[in-house]
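This report refers to the structure that appears directly beneath it.
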Amino acid sequence: MTFVKFERPSFFGKRRDEFFRAYDAKYGQGNWRISWEWAGETILFPQMCLIYEDGYYHDSFNREALWKELVSVGKNVYDHDEKDIESGLDYSVQKGIATHLQDIAIRRVVFRRGWKFHGDKLVQIRSHADYWGAQLSPGRVPFHMPENIIAPHLEGWWDYNSIEDAYQSDKILEVKKEVLVNILEKLGRFPKERMKWK
């Protein structure tokens with residue numbers, strides 16, 4: 001069954017599971033998915049994570065001294081909670097109430113660059129009020145391919161043309177076509193919407 005774009009949901013944060021339960025209730029389990037628009041194609045979470053990561057990879061060359069400072073003082077990085085380090089290099093390991101990507105992306109970039117953490121503290125990459133959050137939060141790091149961010153950009157806590165901007169602005173909610181048809185028929189909107197799918 002074909003999935004069709006329905007809306008741009010933007011930021012979930014700690015309400016992620018609440019949003020997902022609402023989608024299950026409205027569309028049915030398995031009848032919707034979160035995906036991303038990228039260069040005219042639709043991609044899923046694993047592919048978007050690699051693009052997100054590449055933003056950090058490019059930054060590690062643009063600000064190499066900063067990254068070397070990070071690995072010299074830190075023994076690892078985390079986002080919400082120290083248990084985030086249990087994700088290692090695997091984006092699919094999400095044990096908290098909110099999705100965390102920047103810590104995984106940073107660990108993977110450190111690995112890709114052939115570096116190792118050799119500091120003595122866990123470094124949180126989150127609040128813009130803190131040094132490392134201000135430097136390496138996805139809402140602050142410039143995205144390496146801003147021309148692929150869908151316009152109009154969604155607004156939030158992130159900077160324009162940042163990694164987070166790309167992640168949030170390109171995110172879409174897709175619903176199975178037949179499920180959406182049934183919803184639109186009940187709303188009296190199906191004939192108009194059907195023309196877009198031909």
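The values are calculated or read from the model by the stated rules, or taken from the named source; none is laboratory data. Because the structure is predicted, anything quoted here is derived from the model rather than measured. Every residue, glycine among them, receives a Cβ derived from its backbone with ideal geometry; neighbour counts consider all protein chains shown.
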Candidate set: the stretch 45-79, residues that are among the β-branched types (Val, Ile, Thr) and over 19 Å from His144 (Cβ atoms); chosen: the one surrounded by the fewest Cβ atoms within 10 Å (Cβ to Cβ): Val73
Residue count for the stretch 11-45, restricted to those that are outside any helix (DSSP H, G or I) and out of contact with any strand residue (DSSP E or B) (no Cβ under 7 Å at 6 or more places or on another chain): 9
Residue count, the stretch 97-123 (criterion: in a loop (DSSP other than H, G, I, E, B), free of Cβ contacts under 8 Å to residues at least 40 places away in the same chain and surrounded by 15 or more Cβ atoms within 10 Å (Cβ to Cβ)): 1
Being outside the structural domain of Phe11 (by TED's automatic domain parsing), surrounded by fewer than 18 Cβ atoms within 10 Å (Cβ to Cβ) and farther than 25 Å from Ser60 by Cα, is that true of even one residue in the stretch 155-166? yes
Spot the failing condition for Ala129; the list is (1) touching a Pro at 6+ places or on another chain (Cβ under 9 Å); (2) free of Cβ contacts under 8 Å to residues at least 12 places away in the same chain, and only one is missed. (1)
For Trp132, all conditions in the list (1) part of a loop (DSSP other than H, G, I, E, B); (2) more than 25 Å from Phe19 (Cβ to Cβ) hold save one; what is the number of the exception? (1)
Looking at the stretch 158-170, is at least one residue in contact with a Phe, Trp or Tyr (Cβ under 6 Å, 6 or more places away or on another chain) and in a loop (DSSP other than H, G, I, E, B)? yes
